[in-house]
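K.L.:
This is the structure, below, for whatever I ask next.
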Amino acid sequence: MIAKETKLKGCYILEPTVFGDSRGYFFESYNKQTFDKLINQNINFVQDNESFSSRGVLRGLHGQKDEFAQAKLVRVTQGEVLDVAVDFRKDSPTYLQHVSVKLSSENKKQLFVPRGFLHGFVVLSETAVFNYKCDNLYNKDAEIGIMYNDSDLSIDWLLNEDELLVSEKDKNLPTLKQFFQ
């Protein structure tokens with residue numbers, strides 16, 4: 001496995017070594033010892049989640065605050081998504097900057113999103129199965145979020161606004177300006 005740190009400190013794109021032949025393929029999607037060494041941290045994942053979504057479904061931008069913040073290791077096992085991580089750590093030199101990466105069942109890339117980030121994705125294929133590991137349990141009361149189309153973030157979701165399927169909850173998230181009022 002290869003890990004490449006993005007422009008956001010502590011946020012990594014991981015590319016596995018895939019062994020393929022006429023029968024199919026094999027790769028190690030996660031090995032704690034290898035993973036911790038690659039990102040130079042000791043991460044203990046405690047929860048795995050999976051979602052299934054149709055083309056245009058946009059989930060985000062979400063996070064959890066304070067002691068409930070979560071680091072995530074995300075990947076796609078069917079289809080393709082554009083995955084987005086926003087640095088929401090106030091003391092970070094890349095505060096409010098974001099990275100976007102296409103994750104798919106074909107490229108088998110993963111994204112490690114550290115604690116203190118907001119996260120979201122949009123489905124680019126007809127359907128997608130999205131999997132992620134979390135290093136902290138979900139806590140509804142610690143949930144935070146920012147509007148996916150906030151102009152101060154300028155995220156290109158690669159689809160037109162009229163193609164996006166966004167939950168009512170996510171449509172009602174605050175903008176950055178509203179969040180910090």
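Values in this text are rule-based calculations from the coordinates and carry no lab data. Computed from a predicted model, the values in this text were never measured in an experiment. Positions of Cβ are backbone-derived with ideal geometry, glycine not excepted, and every protein chain shown enters the neighbour counts.
K.L.:
Using alpha carbons only, how many angstrom separate the centre of the stretch 1-53 from the centre of the stretch 62-96?
P.N.:
Cα centroid of the stretch 1-53 versus Cα centroid of the stretch 62-96: 15 Å apart.
K.L.:
If you wrap the chain's Cα atoms in a convex hull and average its projection over all directions, what's the area in nm²?
P.N.:
10.9
K.L.:
Moving to a separate point now. What's the local net charge at PHE35, with K and R +1, D and E -1, over the other residues with C-beta under 11 Å away?
P.N.:
+1
K.L.:
Right, next: Using Cα pairs closer than 8 Å and at least 6 residues apart in sequence, work out the relative contact order for the chain, in percent.
P.N.:
Values: 391 pairs, mean separation 51.3, N = 181.
Computed over the chain, the figure is 28 percent.
K.L.:
Continuing with the same structure: What list of ³J(HN,Hα) values in whole Hz, one per residue of the stretch 143-160 in order, does the Karplus curve 6.51 cos²θ - 1.76 cosθ + 1.60 (θ = phi - 60°) give from phi, with Gly and Pro shown as x?
P.N.:
Once rounded to whole Hz, the list reads 5, 9, x, 10, 4, 4, 9, 4, 5, 6, 8, 6, 7, 8, 7, 6, 10, 6.
K.L.:
When TYR12, TYR30 are ordered from fewest to most other Cβ atoms inside 10 Å of their Cβ, what list results?
P.N.:
So the residues, fewest neighbours to most, are TYR30, TYR12.
K.L.:
Can you give me the long-range amide H partners of LEU96? Hydrogens built in the peptide plane at 1.01 Å from N, cutoff under 5 Å, separation of 5 or more residues or another chain.
P.N.:
Those qualifying (amide H under 5 Å, at least 5 residues apart or on another chain) are ASP87, PHE88, ARG89.
K.L.:
Stokes-Einstein D for the stretch 1-96 at 4 °C, 1.567 mPa s, Kirkwood Rh over Cα pairs, in µm²/s?
P.N.:
Using the Kirkwood radius from Cα pairs, D works out to 82 µm²/s.
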